[in-house]
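Have a look at the structure below before the remarks.
The values are calculated or read from the model by the stated rules, or taken from the named source; none is laboratory data. No experiment lies behind these values; they were computed from the predicted model shown. Methodologically, a virtual Cβ is constructed for each residue, glycine included, from the backbone with ideal geometry; neighbour enumeration extends over all protein chains shown.
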Amino acid sequence: MSERIKTPRGTFDVLGEAALARAALEGTARGILERAGYERIETPTFEATALFARGVGESTDVVQKEMYTFDDGGGDSITLRPEGTAPVCRAYLEHGMHKLPQPVKLWYLSSFFRAERPQHGRYRQFWQIGAEAIGSDDPAVDAETILLLAEILEAIGVQARLRLSSLGTPDTRAEYKTELQAYLRAHEHALSGDVRDRIDLNPLRAFDADHAGTRQVMEGAPRLLDRLTDEDREHFEIVKALLDGAGLTYEIDTALVRGLDYYTRTVFEFTSDALGSQSGVGGGGRYDGLIEQIGGPHTPGMGWAAGVERMLLASPRQPVAPPPVDLYVAYAKPEYREEAFRLAADARRAGHATRLELGGRSLKGQLKQADRAGARYVAILGDEGTSLKDMESGEQKTVEPGTVMHHIRGTL
Ligand code: AMP
């Protein structure tokens, strides 16, 4: 026998109860998002590499180390999407969505790809539920999107902490970056090599470091939140007031730096202690400069993405019951197969969840299968005609052929 092929590192199959749990999560998220006016969007699994290089940012870990990038065979560089915001913004531009009433509110459930070191809660292909509201810089958009993710997490029983901050506008950030770079250089000796190497490129990431010396230095570092312009501060104050009004608790985290470059003003993250080291359940923020970076006019936007696997890991929900089976069609002899096949097809067409014996089992085996599937009714086709068994009451009666549906209708 030749060697068995397994799933690639960092990937997994979804089946059985896990598939049911995902479907339930999707249903919950869809209900909450669509009731808030979000419409579903699907974008391609791969995009032009430039979309992520420009949109997510050349200096980010995602772009520098984690993208699956390849030549499409015609000399163009394409990349398996590592995140969903840049593709949604690309679609907003491509379809002229600026002509629609703003903000345009879109949601997705898609898989994403990052060549990260796999561990519990961190995969190379993972799924995210995401929401984007594009075309308005109203702080109510920020508060509403955050609230929607909080609602989804609450609905699935995830206890998460909300951390909140504001990164201001690019100008403030640029000035602050210079100030932080000077501070980091003054403390260079105590920093990790990795952080030291990135003082020029991405000094903000120093806040993310695990290295003890770096962490100590960062405790005394100047904070961007203290450098915001009056306008940005006011925007942030309104976001906070709206969240307060909605009864959502959060903590201000002046060290909150998200891994993607495009964020401006509001940023936030939900974390759960149930997850161990990969504690981020979901997060996002405002990205008022992103659409310009990918070739569009200045267009504000705000959104988030939450990891499906992390939400399920952090959720204490009980296993989801499989969908019910209304009718199981069994037959005593092969000559009744055609009639059984027809009955099962008719029953399905009439909207009943119906199973038919497909494994060539004996009648006894078929009845066992019907029981295992939790079928409410079993129709048995045999020499004595058609009998119908109500599995709930145990009652069994002979019925006229062709009247099975008539008998079960109204009782399901
Ligand atoms: P990000 O797009 O990096 O802001 O991530 C948003 C959310 O997606 C995180 O909070 C995680 O829940 C999830 N996520 C990000 N990267 C991974 C990964 N490699 N594996 C599983 N989930 C991930």
(Q) When the residues of the stretch 334-351 are narrowed to those that are of a type outside the set (A, V, I, L, M, F, W, C) and free of Cβ contacts under 8 Å to residues at least 40 places away in the same chain, which ends up nearest to E400 (Cα to Cα)? (A) R342
Q: Quick one: count up the residues across the stretch 261-287 that are surrounded by 19 or more Cβ atoms within 10 Å (Cβ to Cβ) and more than 17 Å from the chain's Cα centre (by Cα).
A: 9
Q. F52 versus (1) crowded, with 20+ Cβ neighbours inside 10 Å; (2) farther than 25 Å from G289 by Cα; (3) among the aromatic types (F, W, Y): which is the lone unmet condition?
A. (2)
**Q.** Condition broken by Q278, with the remaining ones in (1) within 9 Å of the ligand (Cβ to nearest atom); (2) touching a Pro at 6+ places or on another chain (Cβ under 7 Å) satisfied
**A.** (2)
Q: Output the qualifying pairs, or none if there are none: Cβ atoms under 8 angstrom, residues six or more apart or on different chains, first residue in the stretch 115-130 and near the ligand (Cβ under 7 Å from one of its atoms) and modelled with pLDDT under 95, second residue assigned to a strand (DSSP E or B) and of a type in the set (G, A, S).
A: G121/G307
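So which of E151, E132, E144 ends up being of a type in the set (D, E), part of a strand (DSSP E or B) and either surrounded by 17 or more Cβ atoms within 10 Å (Cβ to Cβ) or in contact with a Pro (Cβ under 8 Å, 6 or more places away or on another chain) (or both)?
Just one listed residue meets the conditions, E132.
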Q: Using the structure shown, decide if T11 is surrounded by 11 or more Cβ atoms within 10 Å (Cβ to Cβ), more than 14 Å from the chain's Cα centre (by Cα) and among the polar types (S, T, N, Q).
A: yes
Q: Collect the residues in the stretch 51-89 that are among the small types (G, A, S) and free of Cβ contacts under 8 Å to residues at least 40 places away in the same chain, keeping them in residue-number order.
A: A53, G73, G74, G75, S77
Q: Please find, among R317, R349, R310, R337, the residue that is under 30 Å from D208 (Cβ atoms) and out of contact with any His (no Cβ under 9 Å at 6 or more places or on another chain).
A: R310
Q: Within the stretch 219-256, work out how many residues are of a type outside the set (D, E) and either part of a helix (DSSP H, G or I) or crowded, with 20+ Cβ neighbours inside 10 Å (or both).
A: 15
Q: Tell me, yes or no, whether the stretch 370-390 has at least one residue that is polar (S, T, N, Q) and farther than 16 Å from P323 by Cβ.
A: yes
Q) So V320 fits all but one of (1) surrounded by fewer than 24 Cβ atoms within 10 Å (Cβ to Cβ); (2) in a strand (DSSP E or B); (3) hydrophobic (A, V, I, L, M, F, W, C); (4) away from the ligand (no atom under 16 Å from the Cβ); what number is the exception? A) (2)
Q: Return the total of residues in the stretch 323-339 being part of a strand (DSSP E or B) and either touching an Asp or Glu at 6+ places or on another chain (Cβ under 6 Å) or of a type outside the set (V, I, T) (or both).
A: 5
Q: Go through the residues of the stretch 258-274 one by one and say whether even a single one is outside any helix (DSSP H, G or I), closer than 21 Å to S59 by Cβ and polar (S, T, N, Q).
A: yes
Q: For the stretch 95-107, indicate whether the set of residues that are within 16 Å of the ligand (Cβ to nearest atom) and over 15 Å from R286 (Cα atoms) is non-empty.
A: yes
Q: Could you tell me which of the residues K397, K368 is in a helix (DSSP H, G or I), more than 30 Å from G283 (Cα to Cα) and of a type in the set (K, R)?
A: K368
Q.
So, V158, is that one within 12 Å of the ligand (Cβ to nearest atom) and either under 16 Å from the mean Cα position of the chain (by Cα) or outside any loop (DSSP other than H, G, I, E, B) (or both) or not?
A. yes
Q. If you check A306 against the conditions, is it crowded, with 20+ Cβ neighbours inside 10 Å, within 9 Å of the ligand (Cβ to nearest atom), of a type outside the set (D, E, K, R) and modelled with pLDDT of 90 or more?
A. yes
Q) Would you say T354 is surrounded by 12 or more Cβ atoms within 10 Å (Cβ to Cβ), more than 30 Å from A155 (Cα to Cα) and in contact with a His (Cβ under 7 Å, 6 or more places away or on another chain)? A) no
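Each row is one residue, and each column tells you yes or no for (1) of a type in the set (S, T, Y); (2) touching an Asp or Glu at 6+ places or on another chain (Cβ under 9 Å); (3) at pLDDT below 95; (4) away from the ligand (no atom under 16 Å from the Cβ).
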| position | (1), (2), (3), (4) |
| --- | --- |
| G74 | no, no, yes, yes |
| S77 | yes, yes, no, yes |
| G84 | no, yes, no, no |
| C89 | no, yes, no, no |
